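Okay, structure first, notes after.
The values are calculated or read from the model by the stated rules, or taken from the named source; none is laboratory data. Because the structure is predicted, anything quoted here is derived from the model rather than measured. Positions of Cβ are generated from backbone atoms using ideal geometry, with glycine treated the same way; all protein chains shown enter the neighbour counts.
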Amino acid sequence: MNSINLDNYESEFQRAWTNPGNTQFALPPVDVNAVLAKHYRMSEPLIFTRNMLWDMEVRKAWRPDRYIPSVVQEGTASAWGQRSAGEGTESFIRSSQQRLWLEPAEYGLVLEQVCVNSAEQRVTFIGAMELSDQNRNRLSAGKGQPLFHVEHSVSGAESRPLNKWRIVHLTKTRDGRLAERFSLMAENVWLPEFIEIYIRNDLNIELSRRNAH
């Protein structure tokens, strides 16, 4: 994938998503303000906006180690090769050591081609088995799990934003173990950790979880 052309990324994700042999999963959209009101206490009132949510998604795309520390091993995230296509669309390459979905005590190198589509407020991550680093050295992804693509996006009204997430693993046949892993994630009542981190560290608002009911 050598072109910044937006369709290269998003159409590749959609092609993989519609392949019946792959293992797809979409988490239910997260109504950020509804979850905040029901499950959190905060040091000051906050209406979390769609612009805030998109700002968080862009920051997270560049610094996954900061925003998803439960997944990305500290100090292993790198990004390079930024290119712009105008209108807020840009691409870059990202690498990080990430926990394996089915073996969370183990990490593997994940290589991703990233496209940030600001017009649609969507970030697409296309996994790759091999890529070149900043010095044109070849990197090879870990082989502990199938290659996967991820899509993060924002929808909803400015004062009622929805956080959306879906993933597709490139498997020969649907893997029920992976589907079960993400089904457990979908049962979580809390905000994703990256939104909690953004509120605490970027908005400087303290928040604590209420007892779940």
Selection status of Lys164, farther than 17 Å from Val71 by Cβ, in a loop (DSSP other than H, G, I, E, B), touching a residue at least 60 places away in the same chain (Cβ under 8 Å) and among the charged types (D, E, K, R) | no
Tell me the strands (runs of 3 or more DSSP E) entirely within region 41-158 that contain at least 3 residues that are buried (at least 16 other Cβ atoms within 10 Å of the Cβ).
-> 89-99, 107-117, 122-128, 148-157
Residue in region 23-45 that is modelled with pLDDT of 95 or more, within 19 Å of Lys164 (Cβ to Cβ), of a type in the set (Gly, Ala, Ser) and touching a Lys or Arg at 6+ places or on another chain (Cβ under 7 Å) present | yes
Complete set of residues in region 179-203 that are at pLDDT 95 or above and either over 22 Å from Val58 (Cβ atoms) or not in a loop (DSSP other than H, G, I, E, B) (or both) = Trp190, Glu193, Phe194, Ile195, Glu196, Ile197, Tyr198, Ile199, Arg200, Asn201, Asp202
Residue pairs meeting the criteria (Cβ under 7 Å; at least 6 apart or on separate chains; first within 11 Å of Ile199 (Cα to Cα), in region 43-59; second surrounded by 12 or more Cβ atoms within 10 Å (Cβ to Cβ) and among the hydroxyl-bearing types (Ser, Thr, Tyr)) = Met56/Tyr198
Output the qualifying pairs, or none if there are none: Cβ atoms under 6 angstrom, residues six or more apart or on different chains, first residue in region 175-191 and β-branched (Val, Ile, Thr), second residue part of a loop (DSSP other than H, G, I, E, B).
-> Val189/Ala212
Looking at (1) within 25 Å of Leu203 (Cβ to Cβ); (2) in contact (Cβ under 8 Å) with a residue 40 or more places away in the chain; (3) β-branched (Val, Ile, Thr), which is the one condition that is false for Thr89?
-> (1)
Does Ser96 fit the bill of being free of Cβ contacts under 8 Å to residues at least 40 places away in the same chain and closer than 23 Å to Asn188 by Cβ?
-> yes
Residue count, region 134-177 (criterion: of a type in the set (A, V, I, L, M) and more than 18 Å from Phe13 (Cα to Cα)) | 4
